[in-house]
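The values are calculated or read from the model by the stated rules, or taken from the named source; none is laboratory data. All figures in this text were calculated on a predicted structure; none of them were measured in a lab. These accessible areas exclude ligands, DNA and RNA; they are computed on the full protein's heavy atoms, side chains included. Shrake-Rupley method; radii C 1.70, N 1.55, O 1.52, S 1.80 Å.
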Amino acid sequence: DVGKVKLTEWGQEKLYTLISERFSAKRRTIVTSNYGIHDGALAAHLWPATFDRLRGASDLFEISGDSLR
């Protein structure tokens, strides 16, 4: 769940490494977030390289509705 907590520098690095390695190996990765992709919120939360890899090979599904928590 990207965006649940603010990422530290270490967290940004680990997330980038994970996404980059999976991207290079053409492995699927499911990412969830409450941040929007079209309003720039998700891009602002991530390193640009991480966001580019996520955006570059993704199918986007937006689900809206009331929280079930």
The extension gain from T29 to W10, computed as 0.36 nm times the residue separation minus the Cα-Cα distance, is 4.8 nm
So the angle from the long Cα axis of helix 9-24 to the longest Cα principal axis of the chain, reported in degrees to the nearest 10, equals 80 degrees
Residue-ordered couplings for region 54-63, obtained by feeding phi - 60° into the Karplus form 6.51 cos²θ - 1.76 cosθ + 1.60 and rounding to whole Hz (Gly and Pro as x), are 5, 6, x, 9, 10, 9, 9, 10, 9, 10
Descending accessible area (1.4 Å probe), largest on the left, turns V2, V31 into V31, V2
The correct ranking of K26, K4 by accessible area at 1.4 Å, largest first, is K26, K4
The computed P(r) of the chain puts the percent of Cα pairs beyond 14 Å at 61 percent
In order over region 30-43: 3J(HN,Hα) from phi, Karplus 6.51/-1.76/1.60, θ = phi - 60°, whole Hz, x for each Gly or Pro, gives 9, 10, 10, 6, 8, 6, x, 8, 7, 8, x, 5, 5, 4
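Could you grab the relative contact order for the chain? Cα pairs under 8 Å, six or more apart, rounded to a whole percent. Please list the in-between numbers first.
On the way: 41 pairs, mean separation 26.7, N = 69.
Over the chain, the number comes to 39 percent.
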